[in-house]
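Trainee: Dumping the structure here so I can ask a few things about it.
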Amino acid sequence: MGEIIKAGSWVQIYRVVLPAGERAPQVPEDTQKVPLELKVKGFLKEGAELGDEVEIVTVIGRNHKGELIKANPPYEHKFGKMIPELLQVGPQIREILREEEV
Amino acid sequence: MAANDYNSVMARKNEIMKKAVGIDYAQFSTGQVGFDYERMMSEVGYKLDEIVKIQSETAVGKTPFIELKNISKLARKLAPSGKGARIFLKDEAANPSGSYKARRASVSVYHADKEGYPGVVAATSGNYGAAVASQAVMRNLETIIVQEVFDSCGVGQPEILEKGRKCEAYGSEVLQLSVGPELFYTFLRVLEDTGYFNASLYTPFGIAGVEPLGYEIVEELQEREGKNPDVVIITHAGGGNLTGTSRGLIKAGADQTKIVAASVDLSGLHMASDHDFNRKSFTTGHTGFGVPFATWPDRADVPLNAARALRYMDEYVTVKQGEVFYITEALAQIEGMERGPAGNTSLAAAFDLAQKMNEDQIIVVQETEYTGAGKHPMAQLNFAKENGIEVKNGDPDQEEAGKSVIIPEHPSQIKARDVDLEKLKRSYLRKVFEETKVEVIEKVDLEFLADEIKKSKVETKEILEKEFDLQVAGG
Ligand SMILES: Cc1ncc(COP(=O)(O)O)c(C=O)c1O
């Protein structure tokens with residue numbers, strides 16, 4: 001049994017907009033094979049578990065239905081590791097700028 | 001109740017759009033192939049002085065105009081003697097939402113408010129969403145952004161994730177979709193459900209909103225240097241940035257300034273491919289939009305696109321992803337300005353073009369964009385590495401989009417590579433004739449087509465007769 005996520009929690013839901021096979025005719029083959037999917041965030045209307053079909057209300061007050069996939073969904077993009085390939089740029093161009101005029 | 005499957009909704013497209021932008025586009029058509037572009041711009045849009053007033057209400061525009069002294073000096077050191085133009089930069093990141101897109105959103109949002117729409121919707125993965133959301137906050141309207149975010153594995157580009165976060169930061173509802181052009185279908189359904197205004201990127205409102213950018217450049221350069229820019233270089237994707245800026249330059253009297261478009265070279269990657277989606281390090285300013293939109297502007301989300309880049313472009317160049325990351329690093333390291341990479345596309349190209357121009361000439365890079373986690377060379381190159389893209393130092397000519405990102409070993413390797421504009425003009429014409437099946441070109445048609453490809457009527461007539469075997473009745 002999963003944990004109950006309380007009504008009013010900030011969550012993310014998921015639903016399929018167009019199943020594979022019903023996609024627009026112009027999309028390439030690899031994309032035809034997968035569904036068009038949608039995710040949206042909002043406040044959970046009634047307590048539920050991950051995986052349940054639920055309803056949410058968004059920050060602007062619209063209702064959406066879908067599968068509950070995350071409670072308090074994080075932003076996970078970041079800067080990450082230093083890029084060694086870029087580290088030389090600063091010193092290199094400062095050196096060129098310092099070189100005497102010929 | 002109306003059916004909501006893909007084909008039924010698409011069939012209602014025109015009806016939905018008409019309600020959601022409030023423009024009757026049919027009134028502007030002329031002849032068999034065209035429409036009266038200038039009449040559309042002047043009747044639907046707002047006048048320059050009205051726009052300046054609208055934008056001053058929401059802190060848009062009047063961004064800093066900066067001479068990049070160190071980057072200009074670096075270019076001069078690499079150039080033959082007597083060459084090396086001065087490079088100026090318009091710091092568009094200083095707009096409220098962090099990019100020139102605030103200009104584009106400002107007029108649409110003003111108009112939506114004035115017409116009594118309760119909210120605005122925009123379909124965009126990019127800076128435009130944040131711009132619409134930010135402007136809507138200032139005018140107390142609700143916003144929904146429809147965004148293409150992730151592939152079938154649920155993985156999203158860091159740059160797009162950041163832009164989605166920014167929309168949410170301004171209190172908008174963000175519908176995040178997987179890869180595919182049916183984003184447009186979802187967008188139409190949202191418009192139908194809500195009755196909100198379609199803050200399309202491509203209405204006369206959006207394009208006219210960019211005109212002050214060109215105007216400000218001329219005013220500031222005149223005041224400081226007493227001359228117009230020799231070249232203005234513009235990062236190009238859907239074509240609104242170039243169209244609006246060029247119109248503003250012309251309105252300010254700089255009709256001799258050469259307009260250069262610049263895009264990141266992503267040739268070989270398919271924009272609607274689930275597989276290719278996360279193999280690019282740029283989500284705008286690239287050839288995947290730049291070429292198709294230049295050659296067929298009316299692919300947009302409104303019947304007549306007000307962004308028509310071929311009307312204004314004198315040259316079109318591309319740069320490699322690795323070169324843009326290099327120049328982004330250089331802008332931080334020797335100018336003290338940390339800005340987002342996509343917005344520096346035209347700066348990378350300007351760095352090379354300046355080396356071919358005379359010392360007393362001026363090239364203006366007309367924008368920057370904000371940077372931050374996700375929207376940064378580090379984030380994007382780490383993501384590229386995680387997706388199996390080789391990132392290395394080397395000769396950027398060897399870079400292959402989707403396989404490698406090559407950071408130049410030396411700044412002299414940064415190059416602006418010419419796109420064959422004549423070829424693009426032909427592919428535009430081919431598309432017109434495919435769509436309209438016209439056989440005899442009348443006088444109005446010839447005039448329209450000549451304006452569309454920025455050629456004289458005589459030259460256009462010759463192309464139509466000799467290369468397309470068409471009969472030209474007028475001209
Ligand atoms: C910062 C920035 N620069 C340039 C562009 C290109 O503008 P356009 O699509 O009008 O050519 C965009 C748009 O995506 C952008 O966000």
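The values are calculated or read from the model by the stated rules, or taken from the named source; none is laboratory data. All of these numbers come straight from a predicted model, not from anything done at the bench. Don't worry about glycine lacking a Cβ; one is built from the backbone with ideal geometry, like all the others, and counts go over all protein chains shown. All accessible areas refer to the heavy atoms of the entire protein, side chains included, with ligands and DNA or RNA removed. Shrake-Rupley method; radii C 1.70, N 1.55, O 1.52, S 1.80 Å.
Trainee: From the list B:62, B:77, pick out the single residue that is part of a helix (DSSP H, G or I) and in the same structural domain as residue B:383 (by TED's automatic domain parsing).
Mentor: B:77
Trainee: How many residues are acidic (Asp, Glu) and either modelled with pLDDT of 95 or more or open to solvent by 10 Å² or more (accessible area, probe 1.4 Å) (or both) when one looks only at the stretch B:178-205?
Mentor: Going through the stretch B:178-205 one residue at a time, the tally reaches 2.
Trainee: Let me ask something additional. Identify the residue in the stretch B:34-46 that is part of a loop (DSSP other than H, G, I, E, B) and modelled with pLDDT under 95 and, among all such residues, is farthest from residue B:224 (Cα to Cα).
Mentor: B:45
Trainee: Does residue B:168 satisfy the criteria of being more than 16 Å from the ligand (Cβ to nearest atom), surrounded by fewer than 24 Cβ atoms within 10 Å (Cβ to Cβ) and without any contact (Cβ under 8 Å) to a residue 12 or more places away in the chain?
Mentor: The answer is yes for residue B:168.
Trainee: While we're here: Return only the number of the condition from (1) away from the ligand (no atom under 14 Å from the Cβ); (2) at pLDDT 95 or above that residue B:298 does not satisfy.
Mentor: All conditions pass for residue B:298, except number (2).
Trainee: Then there is this: Taking the conditions exactly as written (more than 14 Å from every other protein chain (Cβ to nearest Cβ), more than 14 Å from the ligand (Cβ to nearest atom) and within 15 Å of residue B:211 (Cα to Cα)), does residue B:43 satisfy them or not?
Mentor: no
Trainee: Separate question: Residue by residue through the stretch B:415-465, note down the ones that are in contact with a strand residue (DSSP E or B) (Cβ under 9 Å, 6 or more places away or on another chain), assigned to a loop (DSSP other than H, G, I, E, B) and not charged (D, E, K, R).
Mentor: Within the stretch B:415-465, B:416, B:419 qualify.
Trainee: Do the conditions hold for residue B:193, that is, is it without any contact (Cβ under 8 Å) to a residue 40 or more places away in the chain, in a loop (DSSP other than H, G, I, E, B) and either over 21 Å from residue B:321 (Cα atoms) or among the hydroxyl-bearing types (Ser, Thr, Tyr) (or both)?
Mentor: So residue B:193 fails the test.
Trainee: Any residue at all in the stretch B:128-137 that is open to solvent by 10 Å² or more (accessible area, probe 1.4 Å), β-branched (Val, Ile, Thr) and over 16 Å from the mean Cα position of the chain (by Cα)?
Mentor: yes
Trainee: Next question. Just the residues that are among the small types (Gly, Ala, Ser) and crowded, with 17+ Cβ neighbours inside 10 Å, please, taken from the stretch B:33-87.
Mentor: Correct list: B:34, B:45, B:61, B:72, B:75, B:79, B:84, B:85.
Trainee: Which residue out of B:175, B:249 is modelled with pLDDT of 95 or more, open to solvent by less than 10 Å² (accessible area, probe 1.4 Å) and part of a helix (DSSP H, G or I)?
Mentor: None of the others qualify; the one that does is B:249.
Trainee: Which one is farthest from the other protein chains (Cβ to nearest Cβ), of the residues in the stretch B:138-152 that are aliphatic (A, V, I, L, M) and open to solvent by 10 Å² or more (accessible area, probe 1.4 Å)?
Mentor: B:138
Trainee: Tell me the strands (runs of 3 or more DSSP E) entirely within the stretch A:20-102 that contain at least 1 residues that are within 7 Å of chain B (Cβ to nearest Cβ).
Mentor: Of the strands (runs of 3 or more DSSP E) lying wholly inside the stretch A:20-102, those with at least 1 residues that are within 7 Å of chain B (Cβ to nearest Cβ) span A:36-44.
Trainee: Next question, about the same structure. Would you check if residue B:268 is within 14 Å of chain A (Cβ to nearest Cβ), outside any helix (DSSP H, G or I) and more than 10 Å from the ligand (Cβ to nearest atom)?
Mentor: When the stated conditions are applied, residue B:268 passes them.
Trainee: Continuing with the same structure: What are the pairs with Cβ atoms under 8 angstrom where one residue, in the stretch B:98-110, is over 13 Å from residue B:343 (Cβ atoms) and outside any helix (DSSP H, G or I) and the other, located anywhere, is modelled with pLDDT under 95 and more than 9 Å from the ligand (Cβ to nearest atom)? Sequence gap at least six, or different chains.
Mentor: none
Trainee: Those residues that are surrounded by 15 or more Cβ atoms within 10 Å (Cβ to Cβ) and not charged (D, E, K, R), I need them from the stretch A:58-67; list them, please.
Mentor: Listed by number, the residues that qualify are A:58, A:59, A:60, A:64, A:66.
Trainee: Hey, can you tell me all the residues within the stretch B:261-282 that are modelled with pLDDT of 90 or more and within 19 Å of residue B:123 (Cα to Cα)?
Mentor: B:282
Trainee: Which one of the conditions (1) within 14 Å of chain A (Cβ to nearest Cβ); (2) surrounded by 21 or more Cβ atoms within 10 Å (Cβ to Cβ) does residue B:409 fail to meet, given that it meets all the rest?
Mentor: Going through (1) within 14 Å of chain A (Cβ to nearest Cβ); (2) surrounded by 21 or more Cβ atoms within 10 Å (Cβ to Cβ) one by one, residue B:409 breaks only (2).
Trainee: To continue, here is another question. Mind telling me which of the residues B:155, B:120, B:174 ends up being farther than 28 Å from residue B:281 by Cβ and within 14 Å of chain A (Cβ to nearest Cβ)?
Mentor: B:120
Trainee: Just one of (1) more than 12 Å from chain A (Cβ to nearest Cβ); (2) open to solvent by less than 20 Å² (accessible area, probe 1.4 Å); (3) among the β-branched types (Val, Ile, Thr) trips up residue B:419, so point out which.
Mentor: (2)
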